[in-house]
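Take a look at the structure set out below.
The values are calculated or read from the model by the stated rules, or taken from the named source; none is laboratory data. Computed from a predicted model, the values in this text were never measured in an experiment. Please note: Cβ atoms are built from the backbone with ideal geometry, for glycine as well, and neighbour counts cover all protein chains shown. Just the protein is used for accessible areas: all its heavy atoms, side chains included, with ligands, DNA and RNA removed. Shrake-Rupley method; radii C 1.70, N 1.55, O 1.52, S 1.80 Å.
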Amino acid sequence: MELIISGLSKTYGNGVKALDTVSLTIPTGMFGLLGPNGAGKSTLMRILATLQEADAGSAMLGELDVLKDKEAVRKVLGYLPQEFGVYPRISAYQMLDHITLLKGVTKGGERKELVDALLQKVNLWEHRKRRIAGFSGGMKQRFGIAQSLIGEPKLIIVDEPTAGLDPGERNRFYNLLTEIGENVVVILSTHIVQDVQELCSKMAIINKGKLLFAGAPSDALNSINDKVWERTIEKAELEKYSSTHQVISNKLVAGRPVIHVLSDQSPADGFARTAPTLEDVFFTHISSDTVATPAHP
Ligand code: ADP
């Protein structure tokens, strides 16, 4: 099964074109949707999650018309939004039991079995009686995954999942995501390149509502192989280098800026060739229509 998105567009009432004729084919497995803040990722995720209308275009999940057959899509959809909003003051167990009931599992015994299995899967079993409101960020995200897995979904949408997680929590969350079945389309929307690098076999980059790249991360890396050059500079020199070179990233290492520039030939001048990272790919695409921004938010 594939999710085939064709010519999807969305302009908000204030005139912001959040999606501009986006076409993408998303296979089963983990797919990374990468873009800076404001790129249009959440808009795309909300449209695919049937929470928002598109102005034009189509999205087909196998035979299902995502934009039209909303009820049918919701039955096979697992959605983990960026913000859950209000966290209920009831226990994780009660909440999962409630959502499972809403999804149509009416038999008590069956529901208990399902909820128990989910809590174990996301490693929250020992915390099942605690209120979700008191959970850490990582526990809330794992709870979010548990609720998104109810009903054996075919499409799972995870929007900016690792924001605010510490490295340990992020790892646990990554491990959990990779355990989701291979026959499910999982879309992971993020502005964190590392999320995609570690998890996804296919990816897309969007910026300002436009699709800039789609393919395997390795293809993305190959596209700029041998073209990335690195140099440590003084802070005061950044402007000068930005005007003479295509600076794709700029980060501080031990307090001094290290810049990456994109160039077919060696820029000489103290630059050394460096192996491209996915971050370089990301900023190469992004900086072609905006000014290069620091690689670390
Ligand atoms: P991302 O998830 O990549 O950060 P969004 O889809 O949230 O991007 O936003 C894309 C663009 O649409 C941004 O410029 C944002 O300000 C704008 N936008 C998002 N939601 C609304 C809305 N409800 N009304 C008007 N503009 C919006």
List every residue whose amide H lies under 5 Å from the amide H of L19, counting only residues 5 or more places away in sequence or on a different chain, with H placed 1.01 Å from N in the peptide plane. K10
Explain nothing, just compute: Karplus ³J(HN,Hα) = 6.51 cos²θ - 1.76 cosθ + 1.60, θ = phi - 60°, for every residue of region 225-234 in order, whole Hz, x for Gly and Pro. 4, 6, 10, 9, 10, 10, 7, 8, 10, 8
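Percent of accessible area on the chain owned by carbon and sulfur, 1.4 Å probe? Present the calculation step by step, with values, prior to reporting the outcome.
Working: 7230 of 14320 Å².
Here carbon and sulfur together make up 50 percent of the probe-accessible area.
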For region 233-266, which GluC sites (Glu not before Pro) are in a loop by DSSP, counting at most 12 other Cβ atoms within 10 Å? E234
Under Karplus coefficients 6.51, -1.76 and 1.60, residue-wise ³J(HN,Hα) of region 128-142 in Hz, glycine/proline x: 4, 8, 7, 6, 5, 4, x, 6, 6, x, x, 5, 4, 5, 5
P(r) of region 226-275 over all Cα-Cα pairs, binned every 5 Å from zero, in whole percent: 5, 23, 36, 25, 9, 1
Report the dimensions of region 13-172 along its three principal axes from the alpha-carbon atoms, largest first, rounded to Å. 46, 36, 30
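If you average the sequence gap of Cα pairs under 8 Å that are 6 or more apart and divide by the length of the chain, what percent do you get for the contact order? It would help to have the intermediate numbers written out before the result.
Numbers: 549 pairs, mean separation 61.3, N = 297.
21 percent.
Relative to the present Cα-Cα distance, how much length would full extension add between A275 and T244 at 0.36 nm per residue of separation? Display every interim value, and only then the final one.
Values: separation 31, 0.36 × 31 = 11.16 nm, distance 2.17 nm.
Stretched fully, the A275-T244 segment lengthens by 9.0 nm.
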Kindly provide log₁₀ I(q)/I(0) values, in the same order as q = 0.07, 0.16, 0.17 Å⁻¹, from the Debye equation applied to equal alpha-carbon scatterers of the chain. -0.31, -1.26, -1.35
Kindly report the accessible area of the chain per residue (heavy atoms of protein chains, probe 1.4 Å, no ligands, DNA or RNA), in Å². 48
